[in-house]
Amino acid sequence: MNEFSRLRQEAGMTIPEAVEALGYCERTIYRWENGDGAPRKAALEILRQAAAGKPQASGEFKFIDLFAGIGGLRKGFEPIGGRCVFTSEWDKYSVQTYLANHTCDHEVVGDITKVPVESIPAHDVLLAGFPCQPFSIAGVSKKNALGRQHGFRCDAQGTLFFDVARIIEYHQPKAFLLENVKNLVSHDRGKTFDVIRRALTEELGYNIQYRVIDAKGFVPQHRERIFIVGFRENNDFDFDALDIPDPLSGPRLESILHPEDGSEAPEDRFTAGSKAKVIDKYTLSDHLWDYLQNYAEKHRAKGNGFGFGLVGPSDVARTLSARYFKDGSEILVKQRGKKNPRRLTPRECARLMGFEEPGSNQPFEIPVSDTQAYRQFGNAVVVPVVEAVARHMHPFILSETPALEEAEEDRAVA
């Protein structure tokens, strides 16, 4: 019996439980179980701790949540034992939703540019989904059309990455996870990403890996985002080893849509009646539906790809955007008969982004208007994707000497 198999059995774990605890795919776990290849040191250490009766309790590492939005990154790291010790989000409506869904023993700070780094608590992991607009395809095109600067030359948001960098420089967390739009890699002919990469590696000394992940293996939505993982110390972390569900066999929209058959309790704000039918306000008016069809036809005649996205229960949606509140054109749900299509309800958006599962006895609270809810979900991360990345990082977060103790020792010496 090899060391991996012995430790797994001493820890009382089944193979599926080892997959869950260690964050590796079943194929890799079976390979280590059969002695085909050397297991990761961090994985062996997790098994040793479990075998020694050291449970992985909540709060085993601390993280901070920057540009937090409604807490998607946080929802990915709390299930693996993380405890949030600092939150920053400037939008008051996002803060309202954040506080309705997360227990905070600290104040949510607004403008991160005005926060002294020394006032931020020491932490093991930094999470940041820094603002997408300066790097998004739509944002770049719009700014170019208006003759405005963008990226790091955008005074409004472009320099916020450097607030992330100054916090990393001061606190030197063991690890970080940064999230942004896919276009970050190609923005400004690659110069933007090169500045970020050099800042994180050459200036701050971190080992980074990045990966573009399409969420449609997890939820019924085509949504590509870049995730950048950094570790302070050298380790065996391999981002490419993260097993991603096959996008072609992922869930379909029927898994998140209101069933409208009475199997779901009505929610007055979104559905009504004994069958919990979606209320009429989400159905497009004749005027708006005619406009969208004419607009699409005009661009189709010119050979352009602009138009609405009409979907049914067996389809996968386009990317939900922050502009969804305007006309809902990117995701319009077909309805029976001659009825015009409808928008998703905010409840369906919460499910589409993985903030809750249909039928959950702990539904995600939506305390804001539909307009604000659409903006918030359109700007959010897909929670199951973040949780998968978090579980993959987990053994390496735990395997290093706690950053909190090191930071305190360094400052005591200074």
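The values are calculated or read from the model by the stated rules, or taken from the named source; none is laboratory data. Small disclaimer: the values here were computed from a predicted structure and weren't measured. Here the Cβ positions follow ideal geometry from the backbone for every residue, glycine too, while neighbour counts run over all protein chains shown.
Would you mind stating whether K326 is assigned to a helix (DSSP H, G or I), modelled with pLDDT under 90 and on the phi < 0 side of the Ramachandran plot? Criteria met by K326.
State which residue is surrounded by the most Cβ atoms within 10 Å (Cβ to Cβ) when the search covers only the range 177-214 and only residues that are hydrophobic (A, V, I, L, M, F, W, C) and in contact with a Ser or Thr (Cβ under 9 Å, 6 or more places away or on another chain). Full working, then the answer.
Taking the range 177-214 as the starting set, the residues that turn out to be hydrophobic (A, V, I, L, M, F, W, C) are 177-178, 181, 184-185, 193, 195-196, 199-200, 204, 208, 212-213.
From the residues that got through so far, the ones that are in contact with a Ser or Thr (Cβ under 9 Å, 6 or more places away or on another chain) too are 181, 184-185, 193, 208.
Details: V181: 23, L184: 25, V185: 17, F193: 21, I208: 16.
Checked the range 177-214; the qualifying residue surrounded by the most Cβ atoms within 10 Å (Cβ to Cβ) is L184.
Residue-wise test of (1) at pLDDT below 95; (2) assigned by TED's automatic domain parsing to the domain that holds E20; (3) within 30 Å of R166 (Cα to Cα).
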| site | (1), (2), (3) |
| --- | --- |
| T201 | yes, no, yes |
| I208 | no, no, yes |
| G230 | no, no, yes |
| E233 | yes, no, yes |
| F270 | no, no, no |
| S274 | yes, no, no |
| Y291 | yes, no, no |
| A296 | yes, no, no |
| K302 | yes, no, no |
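For the range 292-299, does any single residue satisfy the condition of being within 16 Å of L332 (Cβ to Cβ) and among the aromatic types (F, W, Y)? Yes, the range 292-299 contains a residue that is within 16 Å of L332 (Cβ to Cβ) and among the aromatic types (F, W, Y). Annotation: I228 fulfils all but one of (1) free of Cβ contacts under 8 Å to residues at least 60 places away in the same chain; (2) over 13 Å from the mean Cα position of the chain (by Cα); the unmet one is (2). Of all residues assigned to the range 395-402, at least one qualifies as being modelled with pLDDT under 95, surrounded by fewer than 21 Cβ atoms within 10 Å (Cβ to Cβ), of a type outside the set (D, E, K, R) and not in a helix (DSSP H, G or I). Inspect all residues belonging to the range 113-128 and state whether any of them is hydroxyl-bearing (S, T, Y), at negative phi, in the same structural domain as F176 (by TED's automatic domain parsing) and under 16 Å from the mean Cα position of the chain (by Cα). No, every residue in the range 113-128 fails to be hydroxyl-bearing (S, T, Y), at negative phi, in the same structural domain as F176 (by TED's automatic domain parsing) and under 16 Å from the mean Cα position of the chain (by Cα). Among the residues of the range 74-96, the ones that are within 16 Å of the chain's Cα centre (by Cα), assigned to a helix (DSSP H, G or I) and β-branched (V, I, T) come to 1 in all.
Rundown of residues vs (1) touching a Gly at 6+ places or on another chain (Cβ under 9 Å); (2) of a type in the set (D, E); (3) at pLDDT below 90; (4) closer than 16 Å to E356 by Cβ, yes/no style:
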position: G72; (1), (2), (3), (4): yes, no, no, yes
position: Y93; (1), (2), (3), (4): no, no, no, no
position: A100; (1), (2), (3), (4): no, no, no, yes
position: T103; (1), (2), (3), (4): no, no, yes, no
position: V108; (1), (2), (3), (4): no, no, no, no
position: D111; (1), (2), (3), (4): no, yes, yes, no
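The lone criterion from (1) in a loop (DSSP other than H, G, I, E, B); (2) of a type in the set (G, A, S); (3) surrounded by 15 or more Cβ atoms within 10 Å (Cβ to Cβ) left unmet by A38 is number (3). Pairs meeting the criteria (first residue in the range 157-171 and of a type in the set (D, E), second residue modelled with pLDDT of 80 or more and buried (at least 16 other Cβ atoms within 10 Å of the Cβ), beta carbons under 8 Å, at least 6 apart or on different chains) are D163/L66; D163/I112; E169/L204. Considered as a group, the residues in the range 60-88 that are β-branched (V, I, T) and touching a strand residue (DSSP E or B) at 6+ places or on another chain (Cβ under 9 Å) include one that is nearest to F231 (Cα to Cα), and that residue is I64.
Examine the range 291-305 for a residue that is in a loop (DSSP other than H, G, I, E, B) and at positive phi, and state whether such a residue exists. Yes, the range 291-305 contains a residue that is in a loop (DSSP other than H, G, I, E, B) and at positive phi.
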